[in-house]
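Asks: Got a structure here, written out as structure tokens. Questions coming.
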């Protein structure tokens, strides 16, 4: 038995030596970045709010954000941080443990992207895909306690599981896909649309329709198991049906200041069209002197006010300049996200402009890969799934706030497309070489 296990282990190392070397490099580089930045390095923004939320959850059992009871965020981050704090306390060792967990998740994202490409292309193409995670912006991102790193791992694993469902029909891949879907939902509510893309892909690869419907029902039931108690919890606090989060008002408002031709504040009547509406709608939340009764509701009403203000601004924008609104939301905001790089601090002396140039080159290679796929009629369905996930989420984000941080988690869809595309371009080149030799 021991000899068999040893032989199997040696065989695994031999077969996977290149990706294991890449994984080791990815881990060590992230570790080096952590020591350069500092174990307690943070942005003093949402990351510190998440950490405080997790510690508060551990100490009180209450889900908070910005130091008040909240449904502004999904509970995933707070739960993970609370569990880490339960074991490692709240000091520097706690921060070290968190950073190491995030670094490992970042490395696993590279491994899962590798696994996706390996299904459809030679091993060297999959290795190149994993090497994209050596980009300094990803190394830096994995050193910040934000939703991006765990969400990205869930998303890539979900795509891998969807590919495997189409290939094998094995139940374990549906379970993996469902697990990753629910896990991703605990970090970012926008992933709720993923089953639509998976459904289209699985239909295209001629997945058993009856089985697909059954699995869709299972997903729906699983969602309800979470949404029902979560909604009851939210209703008991806010007296309103909140199935996921109430945090969309602020990014939606910020998004109305992006693009061209948006209305100027000085030309709008916020008192009549926002403030008065909010006070009437949430009248029961206010004292007679105009102050909010419960401090817990202050953040909630603030974000609801942002939502009403955003709707009013969009309405006035449409009245005054509909063409610029459509162009801003359909072109400018999505394109800004496509070109963006989430890299607010330099590491290893590498500046943002260099990464933006790399980003541009990646897009050229990606587009060439897509054209090659169409020309050879190979792996079109897989490229389509990756495109749907990428473009669909880009537009979901663009409908609110175009932000480099939001786009960062979608970049692996491009990396996987490049890996598959490189395999196809190599095949095309070999075919052209063969034809050339025959003619010669």
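Every number in this text was worked out from the coordinates using simple rules, so none of it is lab data. As the structure is a computational prediction, the values presented were derived from the model and not from experiment. So basically every Cβ, Gly included, is an ideal-geometry build from the backbone, and we count neighbours across all protein chains shown.
Asks: Quick one: helix 411-439 against the long Cα principal axis of the chain, what's the angle to the nearest 10°, folded into 0 to 90?
Replies: So the inclination is approximately 30 degrees.
Asks: With a ≥ b ≥ c taken as the square roots of the eigenvalues of the C-alpha gyration tensor of region 325-367, please select rounded if a/c is under 1.5 and otherwise prolate if a/b is larger than b/c or oblate if it is not?
Replies: It comes out oblate by the Cα gyration axes.
Asks: Arranged by the count of other C-beta atoms within 10 angstrom, fewest first, what order do 11, 53 take? The partial results should precede the final answer.
Replies: Values: 11 10, 53 26.
Listed from fewest to most nearby Cβ atoms, that is 11, 53.
Asks: Same structure again: Hey, what angle do you get for helix 92-118 against the long axis of the chain, alpha-carbon based, 0 to 90 degrees rounded to 10?
Replies: 50
Asks: While we're here: In degrees, nearest 10, range 0 to 90: what is the angle between the Cα axis of helix 17-37 and the longest Cα principal axis of the chain?
Replies: 40
Asks: Can you give me the C-alpha center-to-center distance between region 159-202 and region 69-147, rounded to a whole angstrom?
Replies: Their Cα centres are 19 Å away from one another.
Asks: For the chain, what does the helix formula give at 222 nm: sum of -39500 (n - 2.57) over DSSP H segments with n ≥ 4, over the residue count, nearest 500 deg cm²/dmol?
Replies: About -23500 deg cm²/dmol.
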